[in-house]
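Undergrad: What follows is a structure written as structure tokens; I'll ask about it next.
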Amino acid sequence: MVFSSYVFVFVFLPAVLVAYYLAPRKLKHLLLTLFSYGFYGWANPAFAFLMLFSTAVDYRCGLIAGRRDAGDGTRRAALVTSIVTNLGLLGFFKYANFGIDNYNALVTALGGDHLQWETFFRITLPLGISFYTFQSMSYTIDVYRRHAEPVRNFVDFACYVALFPQLVAGPIVRFREIADQLAERGHSIANFARGVSFFAFGMAKKILIANPCGKIADVCFEAGSLTVVDAWYGIVAYSFQIYFDFSAYSDMAIGLGLMLGFAFPKNFDSPYLSQSITEFWRRWHLSLSSFLRDYLYIPLGGNRKGERRTYVNLMTVMLLGGLWHGALWNFVIWGAIHGVMLAVERRFEKDSLYRRLPAPAKMLLTFLIVTIAWVFFRAPTLGEALDYLGAMVGLGPQTAGGPMIAGLIYQPYYLLVMAVAAGVVWLAPQTWDYTRRMTWPKAAWAAAAFATALAVMMGQAFNPFIYFIF
Amino acid sequence: MASLSIERERQAREEVGVTSYSRGVKWFLSAFFVVTVAGGTVWHLALDLVDTPRPWPRILDPTRLLPATEEVRAVAAEAGWAAALKAANDRMGTNIADYETDLEDGSPVIDALMPTVNAVVTDLLGGSTESVYRGRDGWWFFRPDIDYVTGPGFLTPRPRVEGAWDPLPALDEFHRALNERKIALIVAPIPVKPSIYPERFSTRFEGAQTAIQNPSYAQFLARLDDAGIAHVDLGAVLWEARRTEGSVFLTTDTHWSPVGVALGAAALGEAIERMGVSWERLQVSHARTPTEVAGRGDTIAMLDLTRRAPETVTLQRISRDGQPWAPQPNAEVLLLGDSFTNIYALPSLGWGSGAGLAAQLSAALGRPVDALAINDNGSYATRAAVAAGIRRGRDRLSGKKVVVYAFASRELAFGDWRTGYTYDEP
């Protein structure tokens, strides 16, 4: 189910809120869990059982790993079971097709067509599996490390894993970040109102900015040919789309969390204001970057094992981070570009690449690098990514009809949306800051944004969030 | 490391702690939100109950999401419980999708808001919607038509698209089958509006010298030639005529104008005559009666902009011996078509009747014409209908000398070019 859909806004959400606030305290988590499973199963009911399986395994492993009287071997076995189960599920559902396709391509290239492995089915990717397996796995790791106490109540743990606001696209909420709130949290009209503000602005970002920018990007990426200007315009539109789409989801998730009494951490910190790639990763998808730092980069040795090892670790983290987004070489290349940039910036003492430039130029240069890397993120195949990059430097194919896309992408409506997007990216305050103190004009603005977004939503086609597929 | 995570948690908790809303603002925001989301539901529920009184509103009926027990049991009996579980899951997925569609189709909120929203987006902000693109000077375009022209070549293999993407095998199969029955085939892709009026969509095409086609179009025609399949390039005909004959497409509709239809029919008629068919029936004369018709184009209908002034066109209604023209099942020419054939023939399309492509072709040839036209899926619907008719003992091809297969050229890129039909004489 998508937040920006009729069924969510007008059926699911009112039902959840009414049931949640009417339910006695003891039943609130059970209710939230049931609703969350309904929310998740909406796309494919069978996958709700997959999540239940993963949850049950981690719950049990957490209990064992957290036992004070258990030996190291037992605790470690519980940890390994949890990691193997979660990564196994992730590997099977997310990377099996990728592995088979690459194997077939390899044997074909080597002249062994007869060795191709023909599968009679293609594995369907369960929505949000990358998010909930990481989240669930982080619990066992934290418990094993004694950074968190194990949960004694299965419903509480299932509620944590399945909590619908952040289930399918994050923020990845680590158990220790939310453990206290599962045990005890307050509900207030002020928090509810702030949640409404977050949700309203998130909805507006998604419907009024991300989707129209996505339309421009779609048209450009699907065009048979592009002028240089159109190609750049299209990829900048995608840069805006992915930021507004994902940060909108995070805002809506945080807003829904607040309505239900939870405080989820920030996931974006104005990333396009970054003046280096290093800074970008301190501002973009914070819950993933901090997860990768804490559970991968630091255990690999971080920057404590010498310069060369630090670069290897950075590249490893970014390559795996890229692959986490999807089973495509494009994502690996995207991760590699960021990994190389992080290593280069570190090699030349962090920001030295940009040191002599004025701040706006640093920001622009960073945005340029990030935007070029998005080409690999957006293009469906490596070939199409290279074609698109070719078009950005005037080397793309030319067709008679291609230039016609100008009639759409430069319509006043889309130019206005792009201008608003740029304004919000570089000039507007973050939702966190804007909603901290709400005055009457701000409240009226939030209400108007929400009402307008809802009205426009009804005319838009099904537009799932980009990160749903990861 | 632990401190980093605690830092993020602390920030989040502290952030909530510093929320500062006045009493009025927090109540206003909360009430506004609750009334908005619940209001839409209550409105829908009330309407649902009033329309079809029942104890439990349809939109809150969870049982409709569940698969039918008998269906699951039947699959279990036949293929085992694993297959039954999969079938149940698939059925539930379908029910969920149907529920969402019903919910949105029956929504009074959507009905009430859509015309205004579309008017604001298109008229006030100069934008487009999902399926309808705003052109210049009051012209409107259907999205797939633009996609066909701007997109990659349709002969480029597209393994991700469902169905058969290559039109050539289907056309070749049809051609061979007709050839065996000594029936000639003429393939006539009808150009889409942006092919003929590209400058009405983008200023970049002012001064264009030729119809703008998909990059694969020329190769497609060459492959038809290689396969010995006759074809008519209506794009070239309409492009030439647009300068001398007036508008060959409607401004608010996806389809061609009555002028365009007449020109298309004339070109098809000439192509048929050039084939040197040995007709068994004598020519007949038809009368043309000019009739003004006002209609709102399909693009305007898609936008729900019902208050717009209608577009007026003059049809040339065809009649014979004082009787309105009608397809003749025993005619020697069969026209297979889609909505480009049905416009001005089917009153439900909103542009009158008696002046469609079949009637105009009949008048151009001076011969009766049989017609089978299905609005959608021009890539296979009529071929499938002909094959199904033969299977049921109604051979639409019996006594035919020529079959004209006309379809919107966008079908070349987006149609499902299924093969496997048989057209043998019963």
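Undergrad: Out of all the residues in the range B:204-236, which are of a type in the set (A, V, I, L, M, F, W, C) and open to solvent by 70 Å² or more (accessible area, probe 1.4 Å)?
TA: Residue satisfying the conditions is B:ALA218 alone.
Undergrad: Looking at (1) open to solvent by 30 Å² or more (accessible area, probe 1.4 Å); (2) at pLDDT 95 or above; (3) in contact with a Gly (Cβ under 8 Å, 6 or more places away or on another chain), which is the one condition that is false for B:ARG410?
TA: For B:ARG410, the failing item is (3).
Undergrad: Could you tell me whether A:VAL236 is within 12 Å of chain B (Cβ to nearest Cβ), more than 30 Å from A:GLY62 (Cα to Cα) and either without any contact (Cβ under 8 Å) to a residue 24 or more places away in the chain or open to solvent by 10 Å² or more (accessible area, probe 1.4 Å) (or both)?
TA: On the way: within 12 Å of chain B (Cβ to nearest Cβ): no; more than 30 Å from A:GLY62 (Cα to Cα): yes; either without any contact (Cβ under 8 Å) to a residue 24 or more places away in the chain or open to solvent by 10 Å² or more (accessible area, probe 1.4 Å) (or both): yes.
When the stated conditions are applied, A:VAL236 does not pass them.
Undergrad: Looking at (1) within 22 Å of the chain's Cα centre (by Cα); (2) assigned to a helix (DSSP H, G or I); (3) surrounded by fewer than 22 Cβ atoms within 10 Å (Cβ to Cβ); (4) among the hydrophobic types (A, V, I, L, M, F, W, C), which is the one condition that is false for B:ALA271?
TA: Failed condition: (1).
Undergrad: Separate question: Given (1) within 12 Å of another protein chain (Cβ to nearest Cβ); (2) over 30 Å from B:HIS44 (Cβ atoms), identify the lone condition not met by B:GLY106.
TA: Checking B:GLY106 against (1) within 12 Å of another protein chain (Cβ to nearest Cβ); (2) over 30 Å from B:HIS44 (Cβ atoms), the one that fails is (2).
Undergrad: Filtering the range B:28-47 down to residues that are open to solvent by 30 Å² or more (accessible area, probe 1.4 Å) and either among the hydroxyl-bearing types (Ser, Thr, Tyr) or facing chain A (nearest Cβ under 7 Å) (or both), which residue is nearest to A:MET438 (Cα to Cα)?
TA: Within the range B:28-47, the match that is nearest to A:MET438 (Cα to Cα) is B:PHE28.
Undergrad: If B:ASP145 passes every condition in (1) facing chain A (nearest Cβ under 8 Å); (2) of a type in the set (Asp, Glu); (3) in contact with a strand residue (DSSP E or B) (Cβ under 9 Å, 6 or more places away or on another chain) but one, which one does it miss?
TA: Checking B:ASP145 against (1) facing chain A (nearest Cβ under 8 Å); (2) of a type in the set (Asp, Glu); (3) in contact with a strand residue (DSSP E or B) (Cβ under 9 Å, 6 or more places away or on another chain), the one that fails is (1).
Undergrad: Please list, ordered by residue number, the helices (runs of 4 or more DSSP H) wholly in the range A:1-107 having 2 or more residues that are crowded, with 18+ Cβ neighbours inside 10 Å and among the aromatic types (Phe, Trp, Tyr). Explain how you work it out, then say what you get.
TA: Details: elements: A:13-22, A:25-41, A:45-65, A:72-90.
By residue number, A:25-41, A:45-65.
Undergrad: Here is a further query. Could you list, in sequence order, all residues of the range A:382-412 that are modelled with pLDDT of 90 or more and touching a Ser or Thr at 6+ places or on another chain (Cβ under 7 Å)?
TA: Passing the criteria: A:MET404, A:ILE405, A:ALA406, A:GLY407, A:LEU408, A:GLN411.
Undergrad: State which residue is farthest from the other protein chains (Cβ to nearest Cβ) when the search covers only the range A:445-470 and only residues that are part of a helix (DSSP H, G or I) and open to solvent by 50 Å² or more (accessible area, probe 1.4 Å).
TA: A:ILE469
Undergrad: With (1) part of a helix (DSSP H, G or I); (2) modelled with pLDDT under 85 as the list, and B:SER30 as the residue in question, which single condition is left unmet?
TA: Only one criterion in (1) part of a helix (DSSP H, G or I); (2) modelled with pLDDT under 85 is unmet by B:SER30, namely (2).
Undergrad: Does at least one position in the range A:260-271 carry a residue that is in a helix (DSSP H, G or I) and either open to solvent by 20 Å² or more (accessible area, probe 1.4 Å) or closer than 30 Å to A:PRO358 by Cα (or both)?
TA: Yes: the range A:260-271 contains one or more residues that are in a helix (DSSP H, G or I) and either open to solvent by 20 Å² or more (accessible area, probe 1.4 Å) or closer than 30 Å to A:PRO358 by Cα (or both).
Undergrad: Being modelled with pLDDT under 90, part of a helix (DSSP H, G or I) and either open to solvent by 10 Å² or more (accessible area, probe 1.4 Å) or in contact with an Asp or Glu (Cβ under 7 Å, 6 or more places away or on another chain) (or both) is the filter here, so list the residues in the range A:143-181 that pass it.
TA: Passing the criteria: A:PHE175, A:ARG176, A:GLU177, A:ALA179, A:ASP180.
Undergrad: Scan the range B:239-290 residue by residue and report those that are free of Cβ contacts under 8 Å to residues at least 24 places away in the same chain, more than 21 Å from B:PHE201 (Cα to Cα) and among the small types (Gly, Ala, Ser).
TA: Passing the criteria: only B:GLY276.
Undergrad: Here's something else I'd like to know. So in the range A:430-444, with the set limited to residues that are open to solvent by 60 Å² or more (accessible area, probe 1.4 Å) and more than 9 Å from chain B (Cβ to nearest Cβ), which one is farthest from the chain's Cα centre (by Cα)?
TA: Restricting to residues being open to solvent by 60 Å² or more (accessible area, probe 1.4 Å) and more than 9 Å from chain B (Cβ to nearest Cβ), the top hit is A:PRO441.
Undergrad: OK, next. Which residues, taken from the range A:273-298, are open to solvent by 10 Å² or more (accessible area, probe 1.4 Å) and away from chain B (no Cβ under 13 Å)?
TA: Hits for the range A:273-298 are A:LEU273, A:GLN275, A:THR278, A:GLU279, A:TRP281, A:ARG283.
Undergrad: Does at least one position in the range B:84-97 carry a residue that is more than 22 Å from B:ALA301 (Cα to Cα), part of a helix (DSSP H, G or I) and away from chain A (no Cβ under 12 Å)?
TA: yes
Undergrad: Also, quick follow-up: Looking at the range B:158-171, can you tell me whether even one residue there is in contact with a strand residue (DSSP E or B) (Cβ under 8 Å, 6 or more places away or on another chain) and more than 10 Å from chain A (Cβ to nearest Cβ)?
TA: Our first condition is that a residue be in contact with a strand residue (DSSP E or B) (Cβ under 8 Å, 6 or more places away or on another chain); within the range B:158-171, this holds for B:171.
Among the residues that remain, those that are also more than 10 Å from chain A (Cβ to nearest Cβ) are: B:171.
The answer is yes; a qualifying residue exists.
Undergrad: OK, next. Out of A:GLY38, A:GLY73, which single residue is within 13 Å of chain B (Cβ to nearest Cβ), more than 16 Å from A:PHE93 (Cβ to Cβ) and of a type in the set (Gly, Ala, Ser)?
TA: A:GLY38
Undergrad: Would you call B:PHE154 within 12 Å of chain A (Cβ to nearest Cβ), assigned to a loop (DSSP other than H, G, I, E, B) and not charged (D, E, K, R)? Step through it out loud before you land on a result.
TA: Numbers: within 12 Å of chain A (Cβ to nearest Cβ): yes; assigned to a loop (DSSP other than H, G, I, E, B): yes; not charged (D, E, K, R): yes.
When the stated conditions are applied, B:PHE154 passes them.
Undergrad: So which of B:THR69, B:THR19 ends up being open to solvent by less than 40 Å² (accessible area, probe 1.4 Å) and of a type outside the set (Asp, Glu)?
TA: Sole residue among the options that is open to solvent by less than 40 Å² (accessible area, probe 1.4 Å) and of a type outside the set (Asp, Glu): B:THR19.
Undergrad: Examine the range B:181-198 for a residue that is assigned to a loop (DSSP other than H, G, I, E, B), open to solvent by 10 Å² or more (accessible area, probe 1.4 Å) and basic (Lys, Arg), and state whether such a residue exists.
TA: Yes, because at least one residue in the range B:181-198 is assigned to a loop (DSSP other than H, G, I, E, B), open to solvent by 10 Å² or more (accessible area, probe 1.4 Å) and basic (Lys, Arg).
Undergrad: Just to be sure before I move on: is B:THR63 part of a helix (DSSP H, G or I), exposed (fewer than 15 other Cβ atoms within 10 Å of the Cβ) and within 26 Å of the chain's Cα centre (by Cα) in the structure I sent? Can you show your working first?
TA: Numbers: part of a helix (DSSP H, G or I): yes; exposed (fewer than 15 other Cβ atoms within 10 Å of the Cβ): yes; within 26 Å of the chain's Cα centre (by Cα): no.
No, not satisfied.
Undergrad: Additional query: Could you list, in sequence order, all residues of the range A:182-204 that are more than 19 Å from the chain's Cα centre (by Cα), in contact (Cβ under 8 Å) with a residue 40 or more places away in the chain, part of a helix (DSSP H, G or I) and closer than 27 Å to A:ALA48 by Cβ?
TA: Listed by number, the residues that qualify are A:LEU182, A:GLY195.
Undergrad: Hey, which of the helices (runs of 4 or more DSSP H) in the range B:342-426, taking only ones fully inside, have at least 1 residues that are of a type in the set (Phe, Trp, Tyr)?
TA: It comes to B:411-414.
Undergrad: Another one. Kindly indicate whether B:THR116 is at the interface with chain A (Cβ under 9 Å from one of its Cβ atoms), assigned to a helix (DSSP H, G or I) and loosely packed, with under 15 Cβ neighbours inside 10 Å.
TA: yes
Undergrad: If you don't mind, another one. Among B:SER257, B:SER247, which is the only one that is surrounded by 22 or more Cβ atoms within 10 Å (Cβ to Cβ) and assigned by TED's automatic domain parsing to the domain that holds B:SER348? I'd like the intermediate steps shown before the answer.
TA: On the way: B:SER247 fails: surrounded by 22 or more Cβ atoms within 10 Å (Cβ to Cβ).
From the options B:SER257, B:SER247, the qualifying one is B:SER257.
Undergrad: May I pose another question? Please pick out the residue among A:LEU382, A:LEU357, A:LEU427, A:LEU395 that is free of Cβ contacts under 8 Å to residues at least 60 places away in the same chain, exposed (fewer than 13 other Cβ atoms within 10 Å of the Cβ) and more than 29 Å from B:TYR133 (Cα to Cα).
TA: Among A:LEU382, A:LEU357, A:LEU427, A:LEU395, only A:LEU427 is free of Cβ contacts under 8 Å to residues at least 60 places away in the same chain, exposed (fewer than 13 other Cβ atoms within 10 Å of the Cβ) and more than 29 Å from B:TYR133 (Cα to Cα).
The values are calculated or read from the model by the stated rules, or taken from the named source; none is laboratory data. Note that the structure is a prediction, hence the values are computed from the model and not measured. All Cβ positions, glycine included, derive from the backbone under ideal geometry; neighbour counts span all protein chains shown. In case anyone asks, the SASA skips ligands and DNA or RNA and just uses the protein heavy atoms, side chains included. Shrake-Rupley method; radii C 1.70, N 1.55, O 1.52, S 1.80 Å.
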